[in-house]
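The values are calculated or read from the model by the stated rules, or taken from the named source; none is laboratory data. Computed from a predicted structure; not experimentally measured. Methodologically, a virtual Cβ is constructed for each residue, glycine included, from the backbone with ideal geometry; neighbour enumeration extends over all protein chains shown.
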Amino acid sequence: MPYIKVPKLSGSHPLVVADAVIVRLMWSLNGKLAYNVLGGRVSGGYTNSQVKTDALATDVLAGFTSSGLKALMASTTELLGVGIRDIRTANLVEYVQTGSPVAGTGAGDPLPNEVAAVVTLRTQFAGKSFRGRVYISGANEAQNDAAGHIATAFNTACVNFMDEVESAMGTQGITLSVLSRPTWLNLAPPADTQSYAGGVEPVTSKTARDVIWDSQRSRSG
């Protein structure tokens, strides 16, 4: 039977998920921009604003230092700031704060941009839709041990940093969560219908157990 490629008919849809916001952590790795995109759950009374974004940035940048992660990052790594976008309604603006970047203070050369440690985010449910991953790049070469593995202290600092991020988000009324995107039946417009509305499940635990660096070429920019 011949293979027949079925064209995508429905096109793209704006990202809308009930009770959800997106938080971006913004980095510069050896002069190249990089982002961690995190899900967040909010209550019905939540209102996004520049004030909330500025306050979140202040706490996240402070957490970069207090977690111990800054000291293990190369001096060419900078945490630039954060952005928050409300996705409960389509096409809302993202508020961004990048006014006070904090650079790493680890000595020595940086590891390649595409090399990262991984923090796994777990929720109360099983399955890939209810697990998240945060890839953290920018370490100095001392975090690559003699066996070519991730230094234990770096994994620990990455989890500590995500604890700080979670706390900072909570202060602004945002619960760190794993976001699942909506899916569609891919029918011809206007008949296309949503098959899954998406979801946002609060994170219940964070771990960094991998000793092998994750490497994806796309991160090298």
Query raised in the report: How about region 1-50: which of its residues are modelled with pLDDT under 85 and of a type in the set (Phe, Trp, Tyr)?
Result: 3
Report summary line: Residue pairs within 7 Å by beta carbon, gap of at least six or interchain, first lying in region 198-212 and more than 11 Å from residue 131 (Cα to Cα), second among the charged types (D, E, K, R) and modelled with pLDDT under 95, listed first then second, are 198/181
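Which of the residues spanning region 65-80 are assigned to a helix (DSSP H, G or I), in contact with a helix residue (DSSP H, G or I) (Cβ under 6 Å, 6 or more places away or on another chain) and touching a residue at least 40 places away in the same chain (Cβ under 8 Å)?
Within region 65-80, the first condition is being assigned to a helix (DSSP H, G or I), and the residues that meet it are 65-66, 70-72.
From what's left, in contact with a helix residue (DSSP H, G or I) (Cβ under 6 Å, 6 or more places away or on another chain): 70, 72.
Selection gives 72 alone.
Scan 104, 132, 68 and give me the residue that is at pLDDT 95 or above, surrounded by fewer than 18 Cβ atoms within 10 Å (Cβ to Cβ) and closer than 21 Å to residue 213 by Cα.
Values: 104 fails: surrounded by fewer than 18 Cβ atoms within 10 Å (Cβ to Cβ); 132 fails: surrounded by fewer than 18 Cβ atoms within 10 Å (Cβ to Cβ).
Of 104, 132, 68, the one residue that is at pLDDT 95 or above, surrounded by fewer than 18 Cβ atoms within 10 Å (Cβ to Cβ) and closer than 21 Å to residue 213 by Cα is 68.
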Requested in this report: Could you please find all residues in region 109-127 being touching a strand residue (DSSP E or B) at 6+ places or on another chain (Cβ under 9 Å), surrounded by fewer than 16 Cβ atoms within 10 Å (Cβ to Cβ) and modelled with pLDDT under 95?
Outcome: 125
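From the list 211, 165, which one is modelled with pLDDT under 95, touching a helix residue (DSSP H, G or I) at 6+ places or on another chain (Cβ under 9 Å) and closer than 28 Å to residue 75 by Cβ?
Details: 165 fails: modelled with pLDDT under 95.
Residue meeting the stated conditions: 211.
Only one of these is surrounded by 18 or more Cβ atoms within 10 Å (Cβ to Cβ), in contact (Cβ under 8 Å) with a residue 24 or more places away in the chain and in contact with an Asp or Glu (Cβ under 8 Å, 6 or more places away or on another chain): 165, 159, 178. Name it.
Numbers: 165 fails: in contact with an Asp or Glu (Cβ under 8 Å, 6 or more places away or on another chain); 159 fails: in contact with an Asp or Glu (Cβ under 8 Å, 6 or more places away or on another chain).
When all the criteria are applied, what remains is 178.
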